[in-house]
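The values are calculated or read from the model by the stated rules, or taken from the named source; none is laboratory data. Quick caveat: nothing in here was measured; it's all calculated off a predicted structure. Cβ: placed from backbone, ideal geometry, glycine included. Neighbour counts: every protein chain shown. We work out accessible area using only protein heavy atoms, side chains counted, and drop any ligands, DNA or RNA first. Shrake-Rupley method; radii C 1.70, N 1.55, O 1.52, S 1.80 Å.
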Amino acid sequence: MDNVHDMGGMQAFGPINPEPETEEPVFHAEWESRVFAMTLLSGFLRQWTNDMARHARESQNPVTYLRNTYYENWLAGLETLWVGSGQVTPEELAKGISSGKSDIQAIDAEKALVSVKGAGGPVDPEAPVNAGLKVGDRVRVKTFHPMGHTRAPRYLRGREGVIDRIHGRHIYPDTHTVENVEDYPLYSVRFEGAELWGPDGNKRSAVYADLWEPYLEQP
Amino acid sequence: MPHDGHDHDHTEPPSDVALRVKSLESLLIDKGLVDPAAIDALVDRYAHRVGPQNGKKVVARAWTDPEFKQRLLDDAREAVGEFDFKGRPGERLVAVENTPEVHNLVVCTLCSCYPWNVLGLPPVWYKSAPYRARAVSDPRGVLGEFGTELPDEVEVRVWDSTAEMRYLVVPERPTGTEGWSAEQLEKLITRNSMIGVEQAKSPADLEGGA
């Protein structure tokens, strides 16, 4: 979905104003840490995928998305996902009161710690990649305007770059649901700064983005 | 906690958010969907056990062990596996090396993708709109806001984490550190230098308490 989460190249957000590294806490309020952990634990239950979770956050009204702090967007996404899964009713969410136990088994602490440390690639790393493009190939990012989730940023669409490396086959986020898992070759593509931002762009800069084969075409 | 109720301060959110979170948490616990002990365990892990200290070990070893550095640049996930901090399922780590000719910078313009296993959770600025917006279009301007000035001839490479690949910058080893042990070198490595917004500290920075 083309929404304000896709921020590459936007202007007028002002200075970054980073907190000093040595002074910044991991969480700025206790509720942030609870939202963070609940989001991970809920995700482990496989009622939705990581891409569906991103889409839930990204498809909010853009004004809401920008007004919210980071973990407020996670909270909004988590509420949407649980209601969307059918496991929590809107009434339960509004009142915060359960009308009955779920038949899903919660992830315990031990399993949770194993899950966050688990190894393993997005798809079988031993499987042949069958890449349709090779390192050095010139490619253009397709122009499209998807209502659903995508990881092809707007600032790259229609722009040309060069395949820098092949990352293997990865799950395709645009169609990724619990029931539907497709995988395609994933490429790191190098775009020159001037190709993206014109002659006024930063001198001697390049952007590398990871893009799935269906996003790319031969120019 | 004092709060005037008007200022939308990102470090002190309105209490209604905290209440909304409490409400959701008790609902999910009552429904048997979330185990409160598991929440505590994950918060403890990411608040205390995983963080830039992991990445510092990786970079210090790369600085002192050329064979390890090559393994790291060839396949960072395999190489970092030697340290026993594996990534989350699905994540693949790539290490990119700063040199006198090339400076690397990592961003996620679409959300907040970040190499949790080596750097912990990202700082607020990394997830913020100004950084996500401008890191790709004005990397030298962004670096300048962190006090990092690069010579004109240095190429800036910005890595936009648009997939499940995660990027770790190996900063340049500072001059004047010949013969230093990995443990000594770790003190020069900052989180920000492994995201690429800053250089590693110099020995003089350490003496000056910077």
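As a calculated quantity, the FRET efficiency between B:ALA37 and B:GLU97 at R0 = 45 Å, using C-beta atoms, amounts to about 0.60.
For region A:138-217, the Kirkwood radius over C-alpha pairs fed into Stokes-Einstein at 4 °C and 1.567 mPa s yields D = 97 µm² per second. In the assembled protein chains, B:HIS103 presents an accessible area of approximately 0 Å² (probe radius 1.4 Å). When each pair of different Cα atoms in region B:127-194 is counted once in the 1/r mean, what is the Kirkwood radius in angstroms, to one decimal? Over region B:127-194, the inverse of the mean reciprocal pair distance is 14.3 Å. Over the protein assembly as shown, the pair-distance histogram of Cα-Cα distances with 20 Å bins from zero comes to 25, 59, 16, 0 percent, rounded to whole numbers.
Springs join every pair of Cα atoms under 10 Å in this Gaussian network model of chain A, and among A:THR175, A:THR39, A:THR22 the largest mean-square fluctuation is at A:THR22. The largest accessible area among B:TRP180, A:TRP212 belongs to the first residue in B:TRP180, A:TRP212, and the rest follow in falling order (1.4 Å probe, all chains).
Taking amide H as placed 1.01 Å from N in the peptide plane, A:TYR187 has its amide H under 5 Å from the amide H of A:HIS167, A:LEU211, A:TRP212, A:GLU213, each at least 5 places away in sequence or on another chain.
Per residue, the accessible area of chain A comes to 47 Å² when a 1.4 Å probe rolls over the protein heavy atoms. Pick from B:LEU150, B:LEU19, B:LEU73: which residue has the top mean-square fluctuation in a GNM of chain B where Cα pairs under 10 Å get a spring? Comparing B:LEU150, B:LEU19, B:LEU73 in the GNM, the peak value goes to B:LEU19. Expressed as a whole percent, the proportion of Cα-Cα pairs in chain A lying more than 24 Å apart is 56%. Couplings 3J(HN,Hα) for region A:200-217, derived from phi with the Karplus relation 6.51 cos²θ - 1.76 cosθ + 1.60 (θ = phi - 60°), are 7, x, 4, 5, 6, 9, 9, 10, 10, 10, 9, 10, 7, 3, x, 6, 10, 9 Hz, where x marks Gly and Pro. Ordered from longest to shortest, the equivalent ellipsoid semi-axes for region B:51-207 are 22, 20, 13 Å, each the square root of 5 times a Cα gyration tensor eigenvalue.
Comparing the full protein assembly with the isolated chain (1.4 Å probe, heavy atoms, ligands and nucleic acids excluded), the residues of region B:102-119 losing at least 20 square angstrom of accessible area are B:THR109, B:LEU110, B:CYS111, B:SER112, B:TRP116.
Here is the interface size for A with B: some 7900 Å² of accessible area buried, both sides summed, with a 1.4 Å probe. Residue order by solvent-accessible surface for A:LYS117, A:LYS95, B:LYS127 is A:LYS95, A:LYS117, B:LYS127, largest first, with ligands and nucleic acids left out and a 1.4 Å probe. Under 1.5 on a/c is rounded, so check that first for region B:92-173, then, if it is not, pick prolate when a/b is larger than b/c and oblate when it is not; a ≥ b ≥ c are the square roots of the alpha carbon gyration tensor eigenvalues. The shape class here is oblate.
Compared with the dominant principal axis of the Cα atoms in chain A, helix A:70-85 is inclined by about 70°. The accessible-area loss of region A:195-219 on complex formation, taken against its chain alone with a 1.4 Å probe, reaches 50 Å² or more at A:ASN202, A:ARG204, A:TYR208, A:ASP210.
Model label points for A:ASN17 and A:ARG190, set 7 angstrom from Cα along the Cα-to-Cβ axis, are 3.8 nm apart. Compared with the rule-of-thumb size 2.2 N^0.38 Å for a compact globular protein, region A:30-117 has a Cα radius of gyration ratio of 1.11. Taking 4.7 Å between beta carbons as the limit, the unpaired Cys residues of the protein assembly as shown are B:CYS111. Accessible area per residue was computed with a 1.4 Å probe on protein heavy atoms; A:GLU91 scores about 110 Å².
What percent do you get for the relative contact order of chain B when only Cα pairs under 8 Å and 6+ apart count? Write out the running numbers ahead of the final one.
Details: 282 pairs, mean separation 46.8, N = 210.
Answer for chain B is 22 percent.
Ligands, DNA and RNA aside, A:ARG159 has an accessible area near 80 Å² when probed at 1.4 Å. Each Lys and Arg adds +1 at its Cβ and each Asp and Glu adds -1 at its Cβ; summed about the Cα centre, region A:30-117 shows a dipole of about 120 debye.
For A:SER33, B:SER26, the ranking by accessible surface with the largest value first comes to B:SER26, A:SER33, using a 1.4 Å probe.
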